[in-house]
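Some notes on the structure that comes next.
The values are calculated or read from the model by the stated rules, or taken from the named source; none is laboratory data. Nothing here was measured: the structure is a model prediction, and the numbers come from that model. Because the Cβ atoms are built from the backbone with ideal geometry, glycine has one as well, and the counts that use them run over all protein chains shown. Surface accessibility is based on the protein's heavy atoms, side chains included, excluding ligands, DNA and RNA. Shrake-Rupley method; radii C 1.70, N 1.55, O 1.52, S 1.80 Å.
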Amino acid sequence: MRHTSDVLVIGGGIAGIGSAAQISSEASATVLETMSAFGYHSTGRSAAIFIRNYGNATLRALNAVSETVLLEPGDISDHSLLSPRGVMLVATESETEALDHYLEGSVGIESLSADQAVELVPILRKEMIAAVAYEPRAQDIDVDRLLQGYARIVKHNGGQIVTNAPAQKISRSNGVWQVETPVGIYEAKILINAAGGWADEVAAMAQVNKVGLVPKRRSAALLPAPDGHDIMKWPLFASASEQWYAKPEGGKLMVSPADEDPVEPHDVFVDDMVLAEGLYRYEQAVNAPVTRVDKSWAGLRSFVKDQTPVVGFAPDAEDFIWVAGQGGYGIQTAPALSEYVADICLGRSPQLPEETIKALDPGRFR
């Protein structure tokens, strides 16, 4: 069967579903997702934290725009998608330079003493702490509510989210993109590539130049809460040089080795040695030993060489829009990028600053 819409989105993560939601109020949109459920890969494995100062200058600009939406999500949700958490970066003597680098251009950051850090997270080894930066405005994101809210908007506006629909062949003829899948042939004037770690593969299938996307594994483990501690109000706390981070999660403590090992795009799983090494680094910073791992998992964070997302029309293909390379910032930048994609797709004047648009432009790689 052939299915026609104005816009076709490949990828059912937060980028694809969010873009389709924003587009669907003015144009028909169809999302094609490879898996049996949307949000299966990176979106469903996110650390779910909003950190205003996370990332480079372009990402921080996107964070600022997204924060407004996450606080007052309108049609996406009937209440804020953020809840208090805080983020604390702890530096040993060898990590103070890394902390100083993070603080460049940051806003709303407080310096804490080692005593204050231990008051917030009692299991930290005070003798190891040389400097502390605390961002009280960092907040948890309700990722599922955000994703489901976008999906609900797509469907309410008459759009489709088609699962079990991997792209098998992509072609363009007479100004129309055509994507062949096991469940049918889908056509649209505009094709959006929001395929996460597979975005370069989708581009190659469409005979569009790749952008040098590198998927990287990020692992995490869920540990029992340290004995005798109520962890629910603890902030996310992390090594200033990104050797590990930990975050309360459903009464347990999620700990990640903050790994970024390049891998081929696939349904990624934990490397036991990488996880063990990361948990060892975490143990050196706290006085609560890791006694068991209740659960572990991994996800993909995909980057291009300048660590900035690739969003905009491809310079070498008509009506082909990139939404890729979000790295570890995909959830918290989704509101800003989804709105921008809708703006350029529908011919509206983008609300993002010109310098941000230029930084995102796929043409920067030519």
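Check segment 324-338 and report whether any residue there is part of a strand (DSSP E or B), of a type in the set (A, V, I, L, M) and within 21 Å of Lys210 (Cα to Cα).
Residues of segment 324-338 part of a strand (DSSP E or B): 324.
Pick out the ones that are also of a type in the set (A, V, I, L, M) and you get 324.
Remaining after also requiring within 21 Å of Lys210 (Cα to Cα): 324.
Scanning segment 324-338 turns up at least one residue that is part of a strand (DSSP E or B), of a type in the set (A, V, I, L, M) and within 21 Å of Lys210 (Cα to Cα).
Contact map, segment 123-134: first residue without any contact (Cβ under 8 Å) to a residue 40 or more places away in the chain and under 16 Å from Leu236 (Cβ atoms), second residue in a strand (DSSP E or B) and open to solvent by less than 10 Å² (accessible area, probe 1.4 Å), Cβ cut-off under 6 Å, separation 6 or more or different chains; the map is empty. Note on segment 30-59: among residues that are of a type in the set (D, E, K, R) and either open to solvent by 50 Å² or more (accessible area, probe 1.4 Å) or modelled with pLDDT under 95 (or both), the one that is nearest to Val183 (Cα to Cα) is Arg45.
Please determine whether any residue of segment 274-289 is among the aromatic types (Phe, Trp, Tyr), over 28 Å from Arg52 (Cβ atoms), part of a helix (DSSP H, G or I) and open to solvent by 50 Å² or more (accessible area, probe 1.4 Å). Talk me through it step by step, then tell me what you get.
The first filter runs over segment 274-289 and keeps only residues among the aromatic types (Phe, Trp, Tyr), leaving 280, 282.
Narrowing further to those that are over 28 Å from Arg52 (Cβ atoms): 280.
Applying the additional criterion that residues be part of a helix (DSSP H, G or I) yields 280.
Now restrict to residues that are open to solvent by 50 Å² or more (accessible area, probe 1.4 Å): 280.
Yes, because at least one residue in segment 274-289 is among the aromatic types (Phe, Trp, Tyr), over 28 Å from Arg52 (Cβ atoms), part of a helix (DSSP H, G or I) and open to solvent by 50 Å² or more (accessible area, probe 1.4 Å).
Residues of segment 83-98 that are surrounded by 21 or more Cβ atoms within 10 Å (Cβ to Cβ) and within 29 Å of Pro335 (Cα to Cα): Arg85, Val87, Met88, Leu89.
Evaluation of Gly212 against the conditions (1) open to solvent by 60 Å² or more (accessible area, probe 1.4 Å); (2) part of a loop (DSSP other than H, G, I, E, B) shows that the sole unmet condition is (1). Candidates in segment 220-243 are the residues that are touching a residue at least 40 places away in the same chain (Cβ under 8 Å) and of a type in the set (Gly, Ala, Ser); of these, the one that is nearest to Ser46 (Cα to Cα) is Ala220.
Residues of segment 293-312 that are open to solvent by 10 Å² or more (accessible area, probe 1.4 Å), over 25 Å from Ala61 (Cα atoms) and either without any contact (Cβ under 8 Å) to a residue 60 or more places away in the chain or of a type in the set (A, V, I, L, M) (or both): Val293 alone. Screening segment 322-355 for residues that are buried (at least 22 other Cβ atoms within 10 Å of the Cβ) and β-branched (Val, Ile, Thr) and picking the one that is farthest from the chain's Cα centre (by Cα) gives Val341.
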